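The values are calculated or read from the model by the stated rules, or taken from the named source; none is laboratory data. Everything numeric here is computed off the predicted structure, so don't read it as measured data. A quick note on method: Cβ atoms are made from the backbone with ideal geometry, for glycine too, and the neighbour counts reach across all protein chains shown. Side chains are part of the model used for accessible areas, which takes the heavy atoms of the whole protein and leaves out ligands, DNA and RNA. Shrake-Rupley method; radii C 1.70, N 1.55, O 1.52, S 1.80 Å.
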Amino acid sequence: MEENNQEGYQELGWIINKSEEGIFLVIASEGIQKEITNTYRHGLVQIYDYKKNPEPYSFNSLSAWVNNFKETKVFIIANFQFAIQEEEALKRLDFSRDMIENLGKNFIFLTTPYGDNMLAAGAYNFYSFIKLRIIFNGYNSYNNYNNDYNYNIKSVKAEETTSVKERLAEEKEPEPEKLKERLAEASNLIEQAKDESDKAQYGNSEKLLLKALEIKKKLLGEEHLEITKTLNKLAGVYIKQGRYKEAEKLYKKNIQVCKKIFGEEHPNTAASYNNLANAYENQGRYKEAEELYKKSLEISGILEREHPNTANKYNNLANIYEKQGRYKEAEELYKKSLKILEKILGKEHKSTATIYNNLAVVYEKQERYKEAEKLYKENLHIYEKILGKEHPDTAISYNNLASIYKSQEKYKEAEKLLKKSLCTHEKVLGREHPDTATSYNNLADIYAKQGKYKEAEELLKKSLYIREEILGKKHPDTAISYNNLASVYRNQGRYKEAEELYKKSLCIREKVLGNNHPDTAAGYSNLATIYDNQEKYDMAEKFYLKSLGIRERILGKNHQNTIYTYNNLARLYYKQEKYTYALFYFLSVYKALAFKPGLDSASKKTVYENLETTYNKCNMEGDFNKWLEEKIK
């Protein structure tokens with residue numbers, strides 16, 4: 001979007017957040033109108049698009065539609081130029097000016113410059129009642145908000161048109177009619193692919209997208225923006241299947257095409273960097289992802305400082321920081337994102353609610369439970385209001401609020417919410433959907449925390465079955481199910497069964513995610529624990545050290561998972577009376593935790609006592625406190 005379009009979005013944000021009632025007019029190309037409706041479609045507004053529902057303007061139709069939504073204050077009418085093609089329609093609009101006003105709502109009419117001219121010339125009474133006229137400057141716009149990866153079709157240049165004609169001529173097919181027909185066929189295939197993906201039928205989705213891609217390549221060539229749009233959707237399916245390398249390859253191809261068509265500093269190029277960063281993030285390649293997110297944000301910062309797309313990029317970069325335990329940096333960026341979204345979209349928009357949730361996660365990981373709980377509840381309130389209580393996304397909000405109760409060992413409250421989440425997923429998505437499998441997994445975790453191992457095992461087996469059948473036996477989520485079932489077996493002392501499943505889980509992670517992924521590190525740590533439990537100390541040491549190497553390198557020395565591994569190694573060495581090694585790792589724990597904000601005094605005392613006991617076991621000379629003071633300088 002061009003820089004001065006920021007003001008347009010700010011004005012729309014003011015209407016949605018502050019205006020009581022009125023008639024407003026937005027002048028924008030069809031592409032920009034699509035961007036606007038995509039931006040606001042998840043908020044407390046209703047949208048009617050005359051391009052999708054072509055008919056002449058009628059007040060009766062407008063009022064009947066508005067009366068279906070008594071509580072809604074803002075109505076967006078897109079592509080209004082199609083409703084006022086006839087002179088009679090303009091006369092009806094002019095006559096109904098007062099009737100529209102008497103509905104007591106905010107009406108935002110979106111039209112092209114052509115439609116604006118029609119209104120000014122043919123509906124002057126209506127035009128004179130407009131409170132605010134907002135002009136959006138156009139270009140080949142895009143929308144990458146919330147990872148939809150949607151792009152508008154690039155205008156076909158003269159030489160490209162010739163190329164298409166030549167291809168069609170070779171096939172001896174009529175030019176414009178056949179072109180339109182074949183492109184419509186490709187679009188239909190893409191819609192079918194989306195439906196299949198929503199049902200978690202990823203294999204079917206992939207086949208449909210490949211077929212659509214073949215049609216578009218034949219008609220448009222390899223380097224056309226329509227091709228990048230389809231490749232993005234295909235890469236998204238690969239991400240859901242855990243096929244990250246294949247997704248990465250497609251995203252890299254798209255970057256080259258976008259740079260060639262638009263240049264480096266264009267929103268489409270920024271979006272392509274953002275998508276590749278997402279693929280890196282899924283592979284645990286956080287440094288590379290961070291670099292690309294920053295690059296994407298730098299481009300967006302020049303073009304769209306206060307746009308939802310920029311807020312999305314702040315969110316993505318914050319997510320990388322959160323995964324690395326860089327909570328202050330993550331919090332700062334989430335708050336930046338939130339400020340933009342509250343201003344542009346309003347406080348009760350789905351995208352705003354998402355940032356409330358993400359900020360809550362950061363607070364939860366810092367044990368700021370009251371702040372986290374407040375934001376989780378705000379997120380849930382918005383989702384229930386906008387989407388309803390029986391929507392899959394609302395079910396996820398129930399799950400997220402449950403997590404804060406689990407962190408505080410309020411298992412009954414957590415269990416109640418997780419059952420609501422599971423009920424919704426079973427009812428809406430069915431019992432054999434990946435999201436339902438996640439609900440089984442989460443409820444099982446709460447049962448395990450309460451020592452209800454039989455109930456936990458039953459649910460984890462259900463989750464595993466779904467993931468094996470739908471996602472396959474080599475998917476990262478299937479690895480999670482193997483891992484969690486293994487943990488239940490371990491807690492019951494069923495070490496052989498646990499070891500077998502931990503190894504299956506680790507094998508998948510090494511193959512799919514690689515040897516430097518945090519989830520692979522978790523796999524090494526869990527396998528080490530099972531050896532530790534069986535007093536196979538050499539094997540336990542080997543896998544704890546492998547886990548530690550990854551965690552220090554990827555997450556850093558102060559991340560909670562790295563600290564957890566320091567502690568496990570210290571205890572392992574202490575049990576073997578290797579006190580010098582134990583002292584080194586207990587000191588590492590102390591350095592990371594002793595001055596950590598929010599850590600309770602009891603935990604600090606335990607860390608201190610473990611270190612002092614080990615120091616004395618080493619028969620060290622001199623005062624312990626002086627030694628410690630020297631070590632932590």
Task: Solvent accessible area, Å² - Cys507, 1.4 Å probe, full protein context - done: 80 Å²
Task: Rounded to 10°, Cα long-axis angle of helix 434-449 versus longest principal axis of the chain - done: 30 degrees
Open item on the list: Skipping prolines and chain starts, which residues have an amide H placed within reach, meaning under 5 Å, of the one on Leu132, given they are 5 or more residues away or on another chain?
Closed with: Leu25
Task: Cα convex hull of the stretch 464-593, projected area averaged across orientations, nm² - done: 7.7 nm²
TODO: State whether the stretch 543-633 is rounded, prolate or oblate according to the following rule on the C-alpha gyration tensor (a ≥ b ≥ c being the square roots of its eigenvalues): a/c under 1.5 gives rounded; otherwise a/b larger than b/c gives prolate, and the remaining case gives oblate.
DONE: oblate
TODO: Heavy atoms only, probe 1.4 angstrom, no DNA, RNA or ligands counted: give me Arg553, Arg467, Arg133 ranked by accessible area, highest first.
DONE: Arg553, Arg133, Arg467
Task: Whole-number D in µm²/s for the stretch 251-313 (Stokes-Einstein; Kirkwood sum over Cα pairs; 20 °C, 1.002 mPa s) - done: 186 µm²/s
Task: Residues of the chain: accessible area per residue with a 1.4 Å probe, Å² - done: 47 Å²
Task: Karplus-derived HN-Hα couplings along the stretch 243-258 (A = 6.51, B = -1.76, C = 1.60, θ = phi - 60°), whole Hz, x at Gly and Pro - done: 9, 5, 5, 5, 4, 4, 4, 5, 5, 5, 4, 5, 4, 4, 5, 5
Open item on the list: Given a 1.4 angstrom probe, I'd like the percentage of the accessible area of the chain that is carbon and sulfur, rounded to a whole number.
Closed with: 48 percent
Task: Accessible-area ranking of His433, His42, largest first, probe 1.4 Å - done: His42, His433
TODO: Heads up, I need the accessible area for Arg571: 1.4 angstrom probe, whole protein in place, Å², nearest 10.
DONE: 110 Å²
TODO: State the answer as a single residue: which of Gln46, Tyr363, Leu506 lies farthest towards the positive end of the charge dipole of the chain, with beta carbon charges of +1 for Lys and Arg and -1 for Asp and Glu, about the Cα centre.
DONE: Leu506
Task: Proximal aspartates and glutamates relative to Lys91, as straight alpha-carbon distance under 17 Å, when same-chain residues fewer than 8 apart are discounted - done: Glu55, Glu101, Asp116
TODO: Evaluate the relative contact order of the stretch 1-139 (contact order divided by residue number), counting alpha-carbon pairs under 8 angstrom at least 6 apart; express in whole percent.
DONE: 44 percent
Open item on the list: How would the stretch 210-262 be classified by its alpha-carbon gyration tensor: rounded, prolate or oblate, with rounded meaning a/c under 1.5 and the a/b versus b/c comparison settling the rest?
Closed with: oblate
TODO: Calculate for the chain the 222 nm mean residue ellipticity that helices alone would give, adding -39,500 (n - 2.57) per DSSP H run of length 4 or more and normalising by residue count, nearest 500 deg cm²/dmol.
DONE: -23000 deg cm²/dmol
Open item on the list: Run through the stretch 329-425 and list the GluC sites (Glu not before Pro) located in a DSSP loop whose Cβ has at most 16 other Cβ atoms within 10 Å.
Closed with: Glu367, Glu390, Glu409
Task: Share of pairwise Cα separations in the stretch 359-429, more than 18 Å, in percent - done: 35 percent
Task: Global size of the stretch 182-293 as Cα Rg and Dmax, reported in angstrom - done: 14.0, 42
Task: Phi to ³J(HN,Hα) by Karplus 6.51 cos²θ - 1.76 cosθ + 1.60 over the stretch 318-334, Hz, x for Gly, Pro - done: 4, 4, 5, 4, 4, 5, 8, x, 8, 5, 5, 5, 5, 4, 4, 6, 4
- [ ] Just read off the accessible area of Trp65 with the full protein assembly in place, 1.4 Å probe, to the nearest 10 Å².
- [x] 40 Å²
Task: Amide hydrogen neighbours beyond the local backbone of Leu110, cut-off 5 Å, H modeled - done: Val26, Ile77, Ala78, Asn79, Phe80
Open item on the list: Run the Debye formula on the Cα coordinates of the chain, all scatterers equal and no solvent, and tell me log10 I(q)/I(0) at q = 0.10, 0.11 1/Å.
Closed with: -1.03, -1.20
Open item on the list: Given contacts defined as C-alpha pairs under 8 Å and at least six residues apart, what's the relative contact order of the chain, whole-number percent?
Closed with: 9 percent
Task: Fraction in percent of alpha-carbon pairs per bin - 10 Å, the stretch 275-365 - done: 19, 49, 31, 2
Open item on the list: Report the gain in length on full extension from Lys410 to Glu609: 0.36 nm times residue separation, minus Cα-Cα distance, nm rounded to one decimal.
Closed with: 68.8 nm
- [ ] Run the numbers on the stretch 187-328 and let me know its relative contact order in percent, using alpha-carbon pairs under 8 Å that are six or more apart.
- [x] 14 percent
Task: Net charge of Cβ neighbours under 14 Å - reference Tyr531; Lys, Arg +1; Asp, Glu -1 - done: +2
Task: Under Karplus coefficients 6.51, -1.76 and 1.60, residue-wise ³J(HN,Hα) of the stretch 496-503 in Hz, glycine/proline x - done: 5, 5, 5, 4, 4, 6, 4, 5
Task: Placed amide H near Gly22: partners under 5 Å, 5+ positions off or other chain - done: Lys105, Asn106, Phe107
